[in-house]
Amino acid sequence: MNTNIFVQIVLVSINAFGLVLAWWILRGGNSKQLKLWFSLMTIFILLWANFSYFGSTARSVSTGLLFYRLNWAAVSLFLPSFFYFFVIYFLLKSHLASKIGIIIFILSIIFFILSLFTGLIIKDVVQQSWGMGIVFGPLSDYFNIFSAIVAIIVITYSVQSYKSLSKEMKVKLNYFLAGIFVFITANLVFNVGLQVIFQSVRFQIYGDFSAIFFLVFTAYAIVKYELFDIKIIATEGLTAVLWIVLLAKTFVSESPVQLLINILIFLLTVIFGVLLIKSVTREVKQRQLLEELNKKLKELDKQKDEFVSMAAHELRSPLTAIKGYVSMIMEGDTGDIPEKARQYLADSMAVTDRLVRLVNNMLNVSRIEEGRIVYQMEETHLIRAVQEVYYSYRIEAERKGIEIVMNIPNGLDDVVYVDPDRIREVIGNIVSNAVKFTEKGKIEISIGNPRKGVVRVDVSDTGPGITEEEQKKLFVKFYRAESTAGKTFGTGLGLYITKLLIDNFGGVIGVESQIDKGTTFWFELPVRKQV
Amino acid sequence: MMQDDSQGLGAPAVTIPQSQDRKKILLIEDDPFLLQMYNDKFVNEGYEVNVAHDGLEGLKMLNEKQVDLVLLDILIPKLSGVDLLTKIKEDPKLQKMPIIALTNLSNVKEEQDVKAKGVNEYLIKSDYTPTQVVEIVKKYLP
């Protein structure tokens, strides 16, 4: 009797599970036909398992025969037709269904009629010690062969079309094949192997039950790739099981008081469950929305990058022409020019260079941040970079009446491992700030070795100085010092980029400042080679 | 448009060497202002300058004329600088020739593509004055 209770529990679970599964699929999926065929298949699997159970436990021969015949009728429709169409037509989206499918469908209708109304498949039943057994008719073997052929066609075709499938479909098919494997193995063991060994169909019910594995795997594949969400499904599933158990409990209540309590608990669980499912659904929907938005944002970010890149290109072309022609006039390509004109041109050069730097900074900031920039790392003589920057700012500084000097100790020529263009950008940003904010006095660019293996560049000015409060924020993106300078310049990107670059080259950057005395920006880099 | 050995708009301040000694540069550039500017500068510096306004014209000139160095813009019509580079590098006669990419494009991907194809320099135009470009060219054509 213990086995019987076990079988009953399994059967009830399979029923509950199968129905819930069919319900989910019907509610969620995208493809209407896929949902319909999956649900039909599920219902027939349940009928198959149930009829098999009722057949084997029937009290009279006539009921046993009826249920077994219903059982086989369900199988003959399920396996060859629904199974075949579901896989070939809806899973693999193949037109093989139209050709062989019709033949299979007609044959399964014939077997359906034969199982249900004649003794050709199931001839009779006999009472055995374990329950009701089947006496097979002359055509039952043909049905088995037919089923085997259909299974072989389905598997062969799945395997054949595997290569041409998308990655997503492959995973889907993997689950499906795993389900089929368990299902067929169980069927071979319980419905064929044990049946032959023990000459009895008493184990057949376990084979029938194994269809649930096939359902689970297939459902999971559909769920995963047809925009179902497993979290919602799990919540709904657990809630449904809870409901079924509690509802069943009300029917076995032993007293009216207990009945009342059980009904109350059931109702509370229903309310609680609905609320739970709703909240989980909402959460999942929000997550999906976020994922969608995130995707859109990434797309937008890409578009922004392309736009910035093109805008920079378009801005740079006229800047190149202005800078180029002005420099050519200054350098005498057009002959001598008056000194006053040269001064004006030097000013135009300085502001054009400022614009060029601005464009470069805007272009570079996001790249450096995201690490997308490609550095051309080279062994670089730091003093050369310092000298180049010094010469390019000297004119501008002197035009403002500021003295600009460079202190390089004799014999110092340390080599650092950096991108030379970028290190010029770093020094340029610092020196250009000094020139910009200093109204009178002097700018001093010094280079030295504070300790062994480290080279340091100091840029001191006699500008207005920066408060301690502002010093902390100087290297922050878009921050522009204003309180002391009294005016703001630029985009607030220069020092931020400078810091990012120095960080990248393994260095340190800092600032020291006193109000009304001046400011010193410094950075240190590891020495690669001492020359 | 311009003559191959156009002397530009301004009067050159330097004496121009005789034609046979002059180094020959092919300038491929679609922006007329920049084309004029680089053309004038290099002519003033004593180079023989051939100009092309797009990639196809550039390729044609490379096949027809003897050139010592190419200044190549990347965003050019008909045949892009990257595609032209590919063709140059595939041609055994041309693949050794110095090429300086002179562009305002600093799209990370394009830059990597161009560098991977093997240019001698990748210069952002707006970062250099024509004189600085000449200095860099002199490294390859002493």
Query raised in the report: How much FRET efficiency would the formula 1/(1 + (r/R0)^6) give for A:Tyr142 and A:Val171, where r is the Cβ-Cβ distance and R0 is 30 Å, rounded to 0.05?
Result: 0.25
Report summary line: Answer in debye to the nearest 20: the dipole magnitude of chain A about its Cα centre, from +1 Lys/Arg and -1 Asp/Glu charges placed on Cβ, is 1920 debye
Requested in this report: Quick one: angle between helix A:382-399 and the longest Cα principal axis of chain A, in degrees between 0 and 90, rounded to 10, please.
Outcome: 60 degrees
Query - For the protein assembly as shown, projected area of the alpha-carbon convex hull averaged over all directions, nm² - result: 49.4 nm²
Query raised in the report: What is the mean number of Cβ atoms from other protein chains located within 10 Å of the Cβ atom of each residue in peptide B:128-137, rounded to a whole number?
Result: 3
Requested in this report: Classify region B:24-140 as rounded, prolate or oblate, taking a ≥ b ≥ c as the square roots of the eigenvalues of its Cα gyration tensor: rounded when a/c is under 1.5, otherwise prolate if a/b is larger than b/c and oblate if not.
Outcome: rounded
**Report entry** Calculated from backbone phi, Karplus (6.51, -1.76, 1.60) coupling profile of region A:467-474 in Hz, x at Gly/Pro
**Finding:** 5, 4, 4, 6, 4, 5, 9, 4
Query - Entries of A:Lys440/B:Lys125; A:Lys35/A:Lys170; A:Lys323/B:Lys96; A:Lys473/A:Lys517; B:Lys89/B:Lys138; B:Lys41/B:Lys89 with Cα pairs more than 26 Å apart - result: A:Lys440/B:Lys125; A:Lys323/B:Lys96; B:Lys41/B:Lys89
Query raised in the report: Put +1 on the Cβ of each Lys and Arg and -1 on the Cβ of each Asp and Glu in the protein assembly as shown; which of A:Leu363, A:Ile322, B:Pro32 then has its Cα farthest toward the positive end of the dipole?
Result: A:Leu363
Requested in this report: Would you mind checking which residues have amide H under 5 Å from B:Asp30's amide H? H placed 1.01 Å from N; only 5 or more apart, or other chain.
Outcome: none
**Report entry** Options B:Val137, A:Phe111, A:Val435, ranked by Cα towards positive dipole end of the protein assembly as shown, top entry (Cβ charges)
**Finding:** A:Phe111
Query - Rounded to whole Hz, the Karplus (6.51, -1.76, 1.60) HN-Hα couplings of region B:76-82, x for glycine and proline - result: 10, x, 6, 9, 5, x, 5
Query - A:Asn407/A:Leu289 FRET efficiency (R0 51 Å; Cβ-Cβ; nearest 0.05) - result: 0.25
Query raised in the report: In peptide B:100-109, how many Cβ atoms from other protein chains are near each Cβ within 10 Å, on average?
Result: 5
Report summary line: Against the 2.2 N^0.38 Å rule of thumb, the C-alpha Rg of region A:264-325 sits at a ratio of 2.50
Requested in this report: Could you compute the FRET efficiency for B:Lys109 and B:Gln66, with r as their C-beta to C-beta distance and R0 at 35 Å, rounded to 0.05?
Outcome: 0.55
Query raised in the report: Given H placed on each backbone N at 1.01 Å, which residues far from A:Val135 in sequence or on other chains put an amide H within less than 5 Å of it?
Result: A:Lys123, A:Asp124, A:Val125, A:Val126
Query raised in the report: When the helices in chain B are scored as -39500 (n - 2.57) per DSSP H run of 4 or longer and the sum is shared across all residues, what 222 nm value do you end up with, to the nearest 500 deg cm²/dmol?
Result: -11500 deg cm²/dmol
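A short reminder: the numbers here are calculations on the coordinates, not readings from a lab. What you see is a predicted model, and the numbers here were worked out from it, not measured in a lab. In this analysis, Cβ positions are derived from the backbone assuming ideal geometry, glycine residues included, and neighbour counts consider all displayed protein chains.
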